[in-house]
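Have a look at the structure below before the remarks.
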Amino acid sequence: MSSEAAVASVPAEAAASGGRKSPAILFLIIGIIGLAVALFGLVTGLENGSGRAGLSWLLGFSFWFAALVGMLFLVQLSYVFDAGWSTIIRRQMEHFLGAFPWLFLLLVPVIALPFFIGDNTGMVWKWLNLDNILPGIHPTRVGDDPLYLLKAAFLNQTSLFIGLGVSFVIFCGLSAALRKHSFTNDFQPDAKHYAACRRWSGAGLFLTPIGTTVMVMYLLMSLSYHWFSTMYGVWFFALSMRVALATMVITCFFLSTRGGLKGIFNQSHYYFLGCLCLAFTIFWAYISFSQFFLIYNANIPEETYWYNMRQLNADGTFNGWWWVGLSLVFFMFLFPFLFLLRYKSKVQVRSIVFICCWILFFAIVDLYFNIIPTQKAADNILGYNVTPVFSKYMIFDVAAIIGIGGIVIWAALRSMSKTYIIPIHDPRIRESISSVQ
Amino acid sequence: MPEIAPELPFTASDAESREKLLAKVKPVEAPRRELVTGDKDFHWVTEKVCGIPESKTPRWWWIMFCVAACMATFTLAGLTWLVSSGVGVWGLANPVNWGWAIVNFVFWIGIGHAGTLISAILCLLRQKWRVSINRAAEAMTIFAVVCAGIFPLFHVGRVWFAWWLFPLPNANWIWPQFRSPLEWDVFAVSTYGTVSVLFWYMGLIPDLGTMRDRALKAGKLIKAWAYGVFAMGWRQSNRHWRNYEMAYLLLAGLSTPLVLSVHTIVSFDFAASQLPGWHTTIFPPYFVAGAIFSGFGMVLTLMLPLRAVYGLHNLITQYHIDCMCKIILATGSMVGYAYMMEFFIAWYGANPYEGFAFINRALGQYAWSYYIMVGCNVISPHLFWFKAVRENTALVWIICGFVNVGMWFERFVITVTSLANDFLPSSWGYYSPTIVDIFTFFGTFGLFSVLFLLFVRFLPMMPMGEIKAVMKQGDAHGHGTGTQAVPHDVHGKGGHH
């Protein structure tokens, strides 16, 4: 039973939800406008044989996918640890989880449209069209590439659809189950719902990493399908936790200043969320550094080329991506790390909201760094140039992030309008409301 | 626009509707499990914990101690043989030049991780259940580091030059290789060992003060003096406790990156190379997860018998066992994920050497060890999904034994299979340990047991103060249970902190 159905079956008291619809509709409109612009870029790009706007779409999708996956992890962790302080925050994350089906729907254009528009050369994933040419000293057709042939059992349309299908079932199924039990408990209070959530979360923490890894390998790692890293799924997990926590801080800030959490969401909630932001800032740096260091140190060409692309031009000078990489070191790790070490940064509302906005911006930069650089055929010693950092396509990057974000926030607000802002019968609700540091 | 129900979202923004919403808050009953069962009081905790080192030495202890001490002599014999003959007495031979020594080193270092995890990370995460087991786990950490240290110390052959591992100025200008992760190990492990001892000792101080006072009251002056020296003038005063808690928190913060860094650097010993099977980017978190996995396996292996022998069922409850089993299940799943990713990327990477290394693990000459590893580390922990298994302490103990065995074999598989069948088939070989390898490793279990038995015999096994703080009598105002719904004014100023 979906969470929608669960809500539909509750007593009239909640069905009379009402709630203010206008913010939801506003975000829906913003989402549609953003998507329309991103779609325009995608279609015109495909007609011209360019996949750059497709990468913009993928960037927008990946960012919001990271946010939702991170929230799914956090909700499950909250249940498994039987955490008391996080109950009211968990409810807001459960609202966001309602956006998963919409998010998967928004993946369709970037995968499907290239099959119908243009000559298939604008495929974001080169391996989806075996006639694509890989640039290099000896340009090769993907279908003739020995490395592709060795991976073809994984990198093909059928496997992609199976992988995405399995992930869809995992994410949407888990989200629906958790939402159903949590929301039903508001209207039919029974400890069995909490117990069910804990059971689902136990199983979910086993399944979610598998689904995340499959998605990340297909959607992100296979963009440069010669490259590989066993750490890549863990990197995305670390990033997703940071994005989810930052999104939650900002969401709760709005809900506690002009929404239903006013007077309920307190300083200790900011503090605990801030501590988690700090912990995952360190974890993200640990994972990102370990991946870089081990590849740098072993210096195996099959692995280093991925980082070299993001550092050097064909003539050996630094390209723009070098500075993006450095910005990640200093602004995605060092600055938030030092900032969040300070106690007051975690409890002063302006400080914590500021750093969370900062983290979200640099999370987009991190995804940009991972997704956008691609090889374009060129007459130089490498046989290719790397996509420049700045281009006119950035408008589509912004449009995709705003467009997909608008839909995700609309789905969350829609969910919020159907039940209580806090889980009033949750067994840990009082611990959460009276949470102290 | 429809009429807005006051309790619904976006509508509780004024004080009146908020009060209405909070009035509806009625949590369903799902009480947290008690951390000390049996409705015991503070005095009972003191008597129970202090009673163990204060009582007459039980016969079983002497028997165990003698057996353990005899076992420890095997290490002594192995090391004597090694030092008098040279490292050739170990089974190392081309192409396997890393054998049991590094396997044993990583195994014991991994065991040590649970202690710091329980003390530091679970402290920062405010997991109160840790207090019944943290002291023993910390002790286990130190003893495991002692056992681990033997192997790198003696593998240098001329052990009297082991100090060369440290970058001390010397007339010959001989410096260690700073770019080697093995050298980083020297600093990581020695720092970890030092901080672990400090953390453990600092946690002991209040209880040593209690032991001193009780010994004094009982007229045992030598005991009182001995405990008193180490209690460093502890008087249970408010000021002492306040300093103690701040110091504990600081050490917890310091230990947390240390516990992660040690096994990360141990993983670099392998992953920083180019050898198929070793060079893989997931090694750092995978090694840390594996270390916690094996550490908790050992904690349960030790604590379950102690619980039975000393009747500690009210202090180490089924809930504690449940929590530890679930951590083993979680970390075992992480380890399983890493195995899966390694295998998949070995194929996906399309490097024939990497692919062979993994196929060879599963089907080659050491396949038996690979399946022991998978069976013990990936399959056996999944029995902990079942409540009936978690509640059967004998079964839990057996599964933890499997975890210990599996984690030793994991290090064996990583080290030996990659080296035995490397790039050049003409140099392939089959590694077998010698009797010296076996003696040295076998004896470390004796050494570990001797140290642990001495700890149990002479020191309070559990932190009494911390246990009392998590009992319901220690929470008279209900702060920890959330029995009152007290809304805070947040944005800054309010609350009853």
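So is A:Ala412 within 30 Å of A:Ala24 (Cα to Cα), part of a helix (DSSP H, G or I), within 14 Å of chain B (Cβ to nearest Cβ) and of a type in the set (A, V, I, L, M, F, W, C) or not? If you could, list the steps in order and put the result at the bottom.
Details: within 30 Å of A:Ala24 (Cα to Cα): yes; part of a helix (DSSP H, G or I): yes; within 14 Å of chain B (Cβ to nearest Cβ): yes; of a type in the set (A, V, I, L, M, F, W, C): yes.
The answer is yes for A:Ala412.
Determine whether the stretch B:320-327 contains at least one residue that is facing another protein chain (nearest Cβ under 9 Å) and surrounded by fewer than 24 Cβ atoms within 10 Å (Cβ to Cβ). Quick ask: steps written out before the conclusion?
Kept after step one, since they are facing another protein chain (nearest Cβ under 9 Å), are these residues of the stretch B:320-327: B:326.
Subset that is surrounded by fewer than 24 Cβ atoms within 10 Å (Cβ to Cβ): B:326.
There is at least one residue in the stretch B:320-327 that is facing another protein chain (nearest Cβ under 9 Å) and surrounded by fewer than 24 Cβ atoms within 10 Å (Cβ to Cβ).
Scan (1) surrounded by fewer than 18 Cβ atoms within 10 Å (Cβ to Cβ); (2) within 29 Å of B:Ala162 (Cβ to Cβ) for the single condition B:Asn243 breaks and write down its number.
The failed condition is (2).
Listed here are the residues, each with its yes/no results for (1) of a type in the set (A, V, I, L, M); (2) in contact with a helix residue (DSSP H, G or I) (Cβ under 6 Å, 6 or more places away or on another chain).
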{"residue": "A:Leu223", "(1), (2)": "yes, no"}
{"residue": "A:Trp227", "(1), (2)": "no, yes"}
{"residue": "A:Trp235", "(1), (2)": "no, yes"}
{"residue": "A:Ile250", "(1), (2)": "yes, yes"}
{"residue": "A:Ser256", "(1), (2)": "no, no"}
{"residue": "A:Leu261", "(1), (2)": "yes, yes"}
{"residue": "A:Phe265", "(1), (2)": "no, yes"}
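What number goes with the only condition from (1) touching a residue at least 60 places away in the same chain (Cβ under 8 Å); (2) aromatic (Phe, Trp, Tyr); (3) closer than 30 Å to B:Ser180 by Cα that B:Trp200 does not pass?
If we test B:Trp200 against (1) touching a residue at least 60 places away in the same chain (Cβ under 8 Å); (2) aromatic (Phe, Trp, Tyr); (3) closer than 30 Å to B:Ser180 by Cα, just (3) comes out false.
Have a look at B:Ile345, B:Ile379, B:Ile359 and point out the one that is assigned to a helix (DSSP H, G or I), within 9 Å of chain A (Cβ to nearest Cβ) and at negative phi. Spell out how you get there, then give the answer.
Numbers: B:Ile379 fails: within 9 Å of chain A (Cβ to nearest Cβ); B:Ile359 fails: within 9 Å of chain A (Cβ to nearest Cβ).
One residue alone meets the criteria, B:Ile345.
Taking the conditions exactly as written (of a type outside the set (A, V, I, L, M) and within 12 Å of chain B (Cβ to nearest Cβ)), does A:Asp145 satisfy them or not?
Values: of a type outside the set (A, V, I, L, M): yes; within 12 Å of chain B (Cβ to nearest Cβ): yes.
Yes; evaluated as a whole, the condition is true for this residue.
Go through the residues of the stretch A:396-407 one by one and say whether even a single one is touching a Phe, Trp or Tyr at 6+ places or on another chain (Cβ under 9 Å) and in a loop (DSSP other than H, G, I, E, B).
No, that holds for no residue.
So which residues in the stretch B:286-306 are in contact (Cβ under 8 Å) with a residue 60 or more places away in the chain and either among the basic types (Lys, Arg) or surrounded by fewer than 24 Cβ atoms within 10 Å (Cβ to Cβ) (or both)?
Once the filter is applied, which keeps residues that are in contact (Cβ under 8 Å) with a residue 60 or more places away in the chain and either among the basic types (Lys, Arg) or surrounded by fewer than 24 Cβ atoms within 10 Å (Cβ to Cβ) (or both), the stretch B:286-306 yields B:Thr301, B:Leu302, B:Met303, B:Leu304, B:Pro305, B:Leu306.
Go through (1) under 18 Å from A:Ser78 (Cβ atoms); (2) buried (at least 20 other Cβ atoms within 10 Å of the Cβ) for A:Ser288 and report which single condition fails.
Result: A:Ser288 fails condition (1) only.
Yes/no matrix, rows are residues, columns are (1) surrounded by fewer than 23 Cβ atoms within 10 Å (Cβ to Cβ); (2) more than 10 Å from chain B (Cβ to nearest Cβ); (3) at pLDDT 95 or above; (4) touching a Gly at 6+ places or on another chain (Cβ under 6 Å):
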position: A:Gly173; (1), (2), (3), (4): yes, yes, yes, no
position: A:Ala177; (1), (2), (3), (4): yes, yes, yes, no
position: A:Phe187; (1), (2), (3), (4): yes, yes, no, no
position: A:Pro209; (1), (2), (3), (4): yes, no, yes, no
position: A:Leu219; (1), (2), (3), (4): no, yes, yes, no
position: A:Leu223; (1), (2), (3), (4): yes, yes, yes, no
position: A:Trp227; (1), (2), (3), (4): yes, no, yes, no
position: A:Thr230; (1), (2), (3), (4): no, no, yes, no
position: A:Leu239; (1), (2), (3), (4): no, yes, yes, no
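Within the stretch A:242-272, how many residues turn out to be away from chain B (no Cβ under 11 Å) and either over 21 Å from A:Arg342 (Cβ atoms) or among the charged types (D, E, K, R) (or both)? Reasoning before the result, please.
Start the filter on the stretch A:242-272 by keeping residues that are away from chain B (no Cβ under 11 Å), which leaves A:242-251.
Then drop every residue that is not either over 21 Å from A:Arg342 (Cβ atoms) or among the charged types (D, E, K, R) (or both), which leaves A:242-244, A:247, A:251.
Residues meeting the conditions: 5.
Quick one: in the stretch B:416-452, of everything that is in a helix (DSSP H, G or I) and among the hydroxyl-bearing types (Ser, Thr, Tyr), which residue is farthest from B:Ile150 (Cα to Cα)? Don't jump to the end; show me each part of the working.
Taking the stretch B:416-452 first, the residues in a helix (DSSP H, G or I) are B:416-420, B:425-427, B:435-452.
Add one more test, that the residue is among the hydroxyl-bearing types (Ser, Thr, Tyr), and what stays is B:417-418, B:426-427, B:440, B:444, B:449.
Numbers: B:Thr417: 24, B:Ser418: 24, B:Ser426: 34, B:Ser427: 30, B:Thr440: 9, B:Thr444: 9, B:Ser449: 15 Å.
The residue in question is B:Ser426.
Taking the stretch A:48-85 as the search range and keeping residues that are within 14 Å of another protein chain (Cβ to nearest Cβ) and among the hydroxyl-bearing types (Ser, Thr, Tyr), which one is surrounded by the most Cβ atoms within 10 Å (Cβ to Cβ)?
Looking at residues that are within 14 Å of another protein chain (Cβ to nearest Cβ) and among the hydroxyl-bearing types (Ser, Thr, Tyr), I get A:Tyr79.
If you scan the stretch B:150-162, which residues turn out to be closer than 16 Å to B:Val266 by Cα and surrounded by fewer than 18 Cβ atoms within 10 Å (Cβ to Cβ)?
The one that is closer than 16 Å to B:Val266 by Cα and surrounded by fewer than 18 Cβ atoms within 10 Å (Cβ to Cβ): B:Leu153.
Just to be sure, is B:Glu29 out of contact with any His (no Cβ under 7 Å at 6 or more places or on another chain), in a helix (DSSP H, G or I), exposed (fewer than 13 other Cβ atoms within 10 Å of the Cβ) and at pLDDT below 95? Step through it out loud before you land on a result.
Working: out of contact with any His (no Cβ under 7 Å at 6 or more places or on another chain): yes; in a helix (DSSP H, G or I): no; exposed (fewer than 13 other Cβ atoms within 10 Å of the Cβ): yes; at pLDDT below 95: yes.
No, not satisfied.
If I go through the stretch B:249-278 residue by residue, how many of them are facing chain A (nearest Cβ under 8 Å) and more than 21 Å from B:Ala114 (Cβ to Cβ)?
At the first step, the residues of the stretch B:249-278 found to be facing chain A (nearest Cβ under 8 Å) are B:257, B:260, B:264, B:268, B:271-274.
From the residues that got through so far, the ones that are more than 21 Å from B:Ala114 (Cβ to Cβ) too are B:268, B:271-274.
Counting residues in the stretch B:249-278 that are facing chain A (nearest Cβ under 8 Å) and more than 21 Å from B:Ala114 (Cβ to Cβ) gives 5.
Within the stretch A:344-354, how many residues turn out to be more than 10 Å from chain B (Cβ to nearest Cβ) and touching a Phe, Trp or Tyr at 6+ places or on another chain (Cβ under 9 Å)? Lay out the reasoning, then the answer.
So in the stretch A:344-354, the residues more than 10 Å from chain B (Cβ to nearest Cβ) come out as A:344-346, A:351-354.
Next, only the ones that are touching a Phe, Trp or Tyr at 6+ places or on another chain (Cβ under 9 Å) stay: A:345-346, A:351-354.
Of the residues in the stretch A:344-354, 6 are more than 10 Å from chain B (Cβ to nearest Cβ) and touching a Phe, Trp or Tyr at 6+ places or on another chain (Cβ under 9 Å).
Identify, by number, the condition in (1) within 22 Å of the chain's Cα centre (by Cα); (2) outside any helix (DSSP H, G or I); (3) among the hydrophobic types (A, V, I, L, M, F, W, C); (4) over 30 Å from A:Pro139 (Cα atoms) that A:Val389 doesn't meet.
Among (1) within 22 Å of the chain's Cα centre (by Cα); (2) outside any helix (DSSP H, G or I); (3) among the hydrophobic types (A, V, I, L, M, F, W, C); (4) over 30 Å from A:Pro139 (Cα atoms), the lone unmet condition for A:Val389 is (4).
Out of B:Ser180, B:Ser190, report the one residue that is within 14 Å of chain A (Cβ to nearest Cβ) and farther than 20 Å from B:Tyr244 by Cβ. Give the steps one after another, and end with the answer.
Details: B:Ser190 fails: within 14 Å of chain A (Cβ to nearest Cβ).
Step by step, each of B:Ser180, B:Ser190 is checked, and only B:Ser180 is within 14 Å of chain A (Cβ to nearest Cβ) and farther than 20 Å from B:Tyr244 by Cβ.
Of all the helices (runs of 4 or more DSSP H) wholly in the stretch B:193-311, which have at least 2 residues that are aliphatic (A, V, I, L, M) and out of contact with any helix residue (DSSP H, G or I) (no Cβ under 9 Å at 6 or more places or on another chain)?
Working: elements: B:221-231, B:238-271, B:283-310.
Filter on the stretch B:193-311 gives B:238-271.
Based on what the data block shows, is A:Leu341 surrounded by fewer than 18 Cβ atoms within 10 Å (Cβ to Cβ), over 17 Å from A:Phe254 (Cβ atoms) and within 14 Å of chain B (Cβ to nearest Cβ)? Steps first, please.
Values: surrounded by fewer than 18 Cβ atoms within 10 Å (Cβ to Cβ): yes; over 17 Å from A:Phe254 (Cβ atoms): yes; within 14 Å of chain B (Cβ to nearest Cβ): yes.
The answer is yes for A:Leu341.
So, B:Ala77, is that one modelled with pLDDT of 95 or more and not aromatic (Phe, Trp, Tyr) or not? Give the derivation first.
Details: modelled with pLDDT of 95 or more: yes; not aromatic (Phe, Trp, Tyr): yes.
When the stated conditions are applied, B:Ala77 passes them.
Tell me whether the stretch A:69-91 contains one or more residues that are of a type in the set (Asp, Glu) and outside any helix (DSSP H, G or I).
Kept after step one, since they are of a type in the set (Asp, Glu), are these residues of the stretch A:69-91: A:82.
Subsequent filtering for residues that are outside any helix (DSSP H, G or I) retains A:82.
The answer is yes; a qualifying residue exists.
Could you check, for the stretch A:372-381, whether at least one of its residues is free of Cβ contacts under 8 Å to residues at least 60 places away in the same chain and under 21 Å from the mean Cα position of the chain (by Cα)? Break it down into steps so the answer makes sense when it comes.
The first filter runs over the stretch A:372-381 and keeps only residues free of Cβ contacts under 8 Å to residues at least 60 places away in the same chain, leaving A:379.
Pick out the ones that are also under 21 Å from the mean Cα position of the chain (by Cα) and you get none.
For the stretch A:372-381, residues free of Cβ contacts under 8 Å to residues at least 60 places away in the same chain and under 21 Å from the mean Cα position of the chain (by Cα): absent.
Given the options B:Leu8, B:Leu35, name the one that is at pLDDT below 95, farther than 30 Å from A:His95 by Cβ and either assigned to a loop (DSSP other than H, G, I, E, B) or more than 8 Å from every other protein chain (Cβ to nearest Cβ) (or both). Explain how you work it out, then say what you get.
On the way: B:Leu8 fails: farther than 30 Å from A:His95 by Cβ.
Criteria check complete, one pass: B:Leu35.
Only one of these is surrounded by fewer than 23 Cβ atoms within 10 Å (Cβ to Cβ), under 27 Å from A:Pro23 (Cβ atoms) and more than 11 Å from chain B (Cβ to nearest Cβ): A:Ile395, A:Ile381. Name it.
On the way: A:Ile381 fails: under 27 Å from A:Pro23 (Cβ atoms).
Just one listed residue meets the conditions, A:Ile395.
List pairs: first in the stretch B:124-136 and at positive phi, second of a type outside the set (Gly, Ala, Ser), Cβ under 9 Å, 6+ apart or cross-chain?
As it stands, the answer is B:Arg126/A:Trp85, since those pairs meet every condition given.
The values are calculated or read from the model by the stated rules, or taken from the named source; none is laboratory data. Everything numeric here is computed off the predicted structure, so don't read it as measured data. Positions of Cβ are backbone-derived with ideal geometry, glycine not excepted, and every protein chain shown enters the neighbour counts.
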